1. Anything in the range 53-65 that is surrounded by 14 or more Cβ atoms within 10 Å (Cβ to Cβ) and either acidic (D, E) or modelled with pLDDT of 90 or more (or both)? List them, or say none.
2. Does D26 satisfy the criteria of being closer than 30 Å to E239 by Cα, of a type in the set (D, E) and modelled with pLDDT of 95 or more?
3. Is it true that some residue in the range 34-42 is modelled with pLDDT under 90, within 30 Å of R240 (Cα to Cα), in a helix (DSSP H, G or I) and not β-branched (V, I, T)?
4. Pick from the range 52-80 the residues that are among the charged types (D, E, K, R) and touching a residue at least 12 places away in the same chain (Cβ under 8 Å): which of them is nearest to L23 (Cα to Cα)?
Amino acid sequence: MSNRAAGRTGDAVLALDEVTRRLRRDCPWDREQDERSIVPHTVEEAYELADAAHSGDDAKLLDELGDVLFQVHFLALLLEERGSGDLAQVAANVTEKLVRRHPHVFGADEEPLAGLPTQARTAAEVRENWDVIKRSEKKGPTDVPENLPALLLARKLQRRAAGGSDRGEPATALAELRSEVERAATAVEAGAAGPEARERTEHGSPELYERVGDLLFAVVELARSLQVDPEIALRRRTERFRAEAFRAEDPEE
């Protein structure tokens, strides 16, 4: 990055920091917020950013990136107010993490990089090395947040169980999916979805919950083995459905 570009970036970030601090000081709504009340907005902005990234609209992406950047600034300011950190520490921590998890780029001659994998010729190998290094930092699946969307949670835990690899055997995953479809069909044919089952519970029988859960889990496993993000794939299919199903409601049609 040139000195001029670095200067523009620094000036813009400083201006955003000043605005964020003034809002925290002078806006009644912003003064009342804490991380628990702000995070739902952060999650919403992250989803809007994901939508922009897949839309191919650069102007929209630029706008949504700004919204997420503001969320980061605001949450960092809350830490600063408690004396628990600040934006500079946030940047320093993620920089150190990126260096540590990319020893194939930055080298592994000294701690904390010594002994970590240093060869990565493909993006898939980089991802696998990342997970090896991450597991050396945190043991077990306990660092996977339970409040993640279900598809993302399933994929992360499946990847963790597979040693961080998304390069599974599609044929094996497809066979498991077919097996789960057969189990679900057997449950339906046995009357698990019949009138008596619906009378036992308002939302479907416990057996069908288990069968559908197994089916969805197997779909995630197939998607993972194909290196397809199931969340993105499902959202794209849902968008096609929305466009097709509600086209008649468009007053311009």
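The values are calculated or read from the model by the stated rules, or taken from the named source; none is laboratory data. Keep in mind it's a predicted model, so treat the numbers as computed, not measured. Backbone-built Cβ (ideal geometry, glycine too); neighbour counts: all protein chains shown.
1. K60, L61, E64, L65
2. no
3. Among the residues of the range 34-42, at least one is modelled with pLDDT under 90, within 30 Å of R240 (Cα to Cα), in a helix (DSSP H, G or I) and not β-branched (V, I, T), which makes the answer yes.
4. Looking at residues that are among the charged types (D, E, K, R) and touching a residue at least 12 places away in the same chain (Cβ under 8 Å), I get D67.
Conditions (1) in contact with a Pro (Cβ under 6 Å, 6 or more places away or on another chain); (2) at pLDDT 95 or above; (3) more than 30 Å from G10 (Cα to Cα), marked per residue:
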| position | (1), (2), (3) |
| --- | --- |
| D67 | no, yes, no |
| E96 | no, no, no |
| D109 | no, no, yes |
| V126 | no, no, yes |
| W130 | no, no, no |
| K139 | no, no, yes |
| P145 | no, no, yes |
| S165 | no, no, yes |
